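Reading through the structure tokens given below for one structure.
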Amino acid sequence: MIPFHVAKEKEMRAIGIEPVHGDELQGKAVKLIHDYRNLSRSLSVMLENCTRCGACAEACHSYLGTDDYYNIPAARAGLFRRIFERYCSWKGRLIGRLSRKNAFNSRIVGQWAEYFYQCNVCRRCAMFCPFGIDTGEITIAARNILTQLGIAPHFIVGIGKNELNTGNNTGILKPAIMDSCAFLEEELREETGLDIKIPVDKPHADVLYVPSSSELFTNTDTMLGAAKMFHFLGVNWTLSSTILEAANYGFLFDLDIMKRHNRRLRIAAAAIGAEMVIQGECGHGWRVARMLSEGANGPVTFHLTHILEFAAANISKFRLVKIPMRATLHDPCNYGRGSGLVDAPRELIGACVEEFVEMSPNRELNFCCGGGSGLLMDEMKDLRMLLGKKKAEQISALQPLDYVALPCASCKAQVPLVLKHYGMGEIRTGGVIELLGKAMVMGSIGGNG
């Protein structure tokens with residue numbers, strides 16, 4: 001049973017996808033499988049070399065939370081492997097002339113949609129596979145094929161459309177962006193007594209900051225922390241109304257949309273003359289920007305960094321008063337396993353709170369929160385709580401605990417619900433830059449305070 005609301009045909013057409021029906025389904029699917037195989041040769045290697053040893057089972061929070069056989073990474077990948085072998089191996093093609101077994105049909109579409117959208121693409125399985133097989137890449141391939149057939153979640157398609165049209169997940173336009181920034185500037189003025197700006201489309205800025213758009217509405221303390229830091233350091237920075245979103249949902253279901261949203265980053269940086277682009281607290285957004293930008297659109301002309309790396313590099317310049325709390329860090333999957341961003345958040349948290357404690361396991365072995373890869377759909381909430389079971393167990397083992405630092409917008413949306421579901425709703429959550437902003441004694445080394 002597909003666990004999400006499927007986007008309507010008109011929604012798919014709005015992002016440039018023409019849904020496929022009836023007798024055309026199999027032929028289009030086979031062509032897409034061959035196309036993807038040629039695009040990503042590693043896909044063939046992973047599908048052909050899995051020995052079904054089961055080492056990935058105990059590594060997967062999805063399987064441990066749901067106890068569903070097809071959520072074992074190797075078993076989920078097997079849903080793709082059987083079709084791949086049927087149409088891409090000589091033996092499968094020969095058998096296919098004599099039998100309809102493993103033919104691609106509407107039943108397979110349903111299975112793929114059900115299970116490849118129960119995978120968070122966290123890639124923890126690859127850390128334990130003796131061959132290093134990354135079933136997250138297999139999941140992404142299956143999702144892309146489903147999308148081209150016209151099957152994708154309404155929630156994800158809506159966000160993809162918003163990113164194409166406005167450059168942010170929520171579809172907000174410049175007047176609303178300006179109003180939100182003005183409101184947050186007033187909050188900063190009331191808190192600090194300083195005229196701290198959150199500029200938008202400022203020409204000749206040295207730094208373009210690309211946050212999660214949620215920082216203007218639900219995760220505002222992260223934006224306030226970033227604005228304080230830039231003000232303190234005297235950075236000539238700006239937001240861009242054309243790309244107010246570090247997240248790139250195209251990566252999760254449609255590579256063309258991923259490339260088009262990534263291209264906005266280059267255009268916006270060039271428009272203001274930025275020499276540096278700083279990505280905000282978004283896990284998969286940072287992975288796409290750092291690891292895939294050049295492959296998607298060619299070499300970048302600016303220095304690209306993450307706000308946690310930028311803040312950590314300047315930590316000796318800040319005046320900090322440690323917050324009296326016991327805090328831990330959740331390592332977002334796309335930091336720990338996708339880009340090696342693990343030291344900077346620890347350095348920052350350690351400087352901002354009286355007691356920092358580690359989850360176990362942590363860093364690249366940390367468990368996923370269960371909300372990544374676009375699964376933040378209301379209709380999937382019950383399933384997401386199962387996917388978050390291992391994260392709840394990790395946090396519970398650290399009690400008493402005051403704060404869980406979540407330097408990713410998806411994690412910030414998922415973990416509070418997981419904590420409430422498992423009886424730990426009193427624990428506060430938020431970003432790492434939020435902690436920095438609260439610990440910072442204001443003034444300015446750049447002459448703006």
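Each of 424, 291 has some number of other Cβ atoms within 10 Å of its Cβ, and from fewest to most they run 291, 424.
For residue 78, the shell of other residues with beta-carbons less than 11 Å away shows a net charge of +3, using +1 for Lys and Arg and -1 for Asp and Glu. Largest mean-square fluctuation among 31, 197, 174, in a Gaussian network model of the chain whose springs join Cα atoms under 10 Å apart, belongs to 31. Amide H contacts of residue 241: 201, each under 5 Å away and 5 or more positions distant or on a separate chain (H built 1.01 Å from N in the peptide plane; Pro and chain starts excluded). Per the Cα gyration tensor, the range 235-312 maps to an equivalent ellipsoid with semi-axes of 19, 14, 11 Å, ordered largest to smallest.
Could you work out how much longer the chain between residue 322 and residue 24 gets when fully extended? Use 0.36 nm per residue separation minus the Cα distance between them, nm to one decimal. Extra length from residue 322 to residue 24 when fully extended: 101.0 nm. Among the listed pairs 174/412; 391/438; 10/391; 28/91, give every one whose C-alpha distance is greater than 31 Å. From 174/412; 391/438; 10/391; 28/91, over 31 Å: 10/391. Normalised by residue count, the range 167-314 yields a Cα convex hull volume of 102 Å³ per residue. Residues whose amide H falls under 5 Å from that of residue 325, counting only those 5 or more places apart or on a different chain, are 354, 355, with hydrogens built in the peptide plane.
Just so you know, the Cα atoms of the range 288-408 work out to an Rg and Dmax of 16.4, 48 Å. Among 41, 81, 287, the largest mean-square fluctuation in a Gaussian network model of the chain (Cα springs under 10 Å) belongs to 41.
Evaluated with a Cβ-only charge set (Lys, Arg +1; Asp, Glu -1), the range 120-220 carries a dipole of roughly 620 debye about its Cα centre, given to the nearest 20.
Taking 369, 88, 60 in turn, the Gaussian network model of the chain (Cα-Cα springs below 10 Å) assigns the largest fluctuation to 88. Counting only aspartates and glutamates at least 8 places from residue 322 when in the same chain, those with an alpha carbon closer than 15 Å to its own are 347, 354, 355, 402, 434. Phi-derived couplings, Karplus 6.51 cos²θ - 1.76 cosθ + 1.60 at θ = phi - 60°, listed residue by residue for the range 3-16: x, 9, 6, 6, 4, 6, 4, 5, 5, 5, 5, 5, 9, x Hz, with x used for Gly and Pro.
3J(HN,Hα) along the range 408-423: 7, 5, 5, 5, 5, 7, 8, 5, x, 5, 4, 4, 5, 4, 9, x Hz, from the Karplus curve 6.51 cos²θ - 1.76 cosθ + 1.60 with θ = phi - 60°, whole Hz, x for Gly and Pro. Simple rule: put +1 on each Lys or Arg Cβ and -1 on each Asp or Glu Cβ in the chain, find the dipole, and look at 398, 193, 147; the Cα lying farthest toward the positive end is 147. Note that the range 5-124 shows a convex hull volume over its alpha carbon atoms of 135 Å³ per residue.
Each residue of the range 341-353 was assigned a 3J(HN,Hα) from its phi angle through the Karplus expression (A = 6.51, B = -1.76, C = 1.60, θ = phi - 60°), giving 8, 10, 7, 4, x, 5, 4, 5, 5, x, 7, 9, 10 Hz with x at Gly and Pro.
Taking other Cβ atoms within 10 Å as a rough exposure proxy, 134, 35, 68 sort from fewest to most as 35, 68, 134. Relative to the longest principal axis of the Cα atoms of the chain, the long axis of helix 24-39 makes an angle of roughly 60 degrees. Extents of the chain, taken as max minus min of Cα coordinates on every principal axis and listed largest first, are 78, 47, 34 Å. For the range 196-283, the Kirkwood estimate of hydrodynamic radius, built from reciprocal distances between every pair of different alpha carbons, is 13.3 Å. Amide hydrogen proximity for residue 123: with H placed 1.01 Å from N in the peptide plane, the residues at 5 or more positions away or on another chain lying under 5 Å are 136. What shape does the range 351-426 take by its C-alpha gyration tensor, where a ≥ b ≥ c are the square roots of the eigenvalues and a/c under 1.5 counts as rounded, a/b above b/c as prolate, and the rest as oblate? Prolate, because a/c is 1.5 or more and a/b exceeds b/c. Taking Cα centre as origin and charging only the Cβ of basic (Lys, Arg, +1) and acidic (Asp, Glu, -1) residues, the dipole magnitude of the chain rounds to 1800 debye.
Ranked by how many other Cβ atoms sit within 10 Å of their own Cβ, fewest first, the residues 422, 36, 209 fall in the order 422, 36, 209. The magnitude of the dipole of the range 167-314, with charges of +1 and -1 set on the Cβ of Lys/Arg and Asp/Glu and taken from the Cα centre, is near 600 debye.
Of the three principal axes defined by the Cα atoms of the range 305-364, the extents in descending order read 32, 27, 10 Å.
Within the range 73-213, the ratio Rg/Rh, alpha carbon atoms throughout and Rh by Kirkwood, equals 1.21.
The numbers here are math on the coordinates, done by the rules we state, and not lab data. Bear in mind the structure is a predicted one, so any value in this text is a computation, not a measurement. Note: ideal-geometry Cβ built from the backbone for every residue, glycine included; neighbour counts use all protein chains shown.
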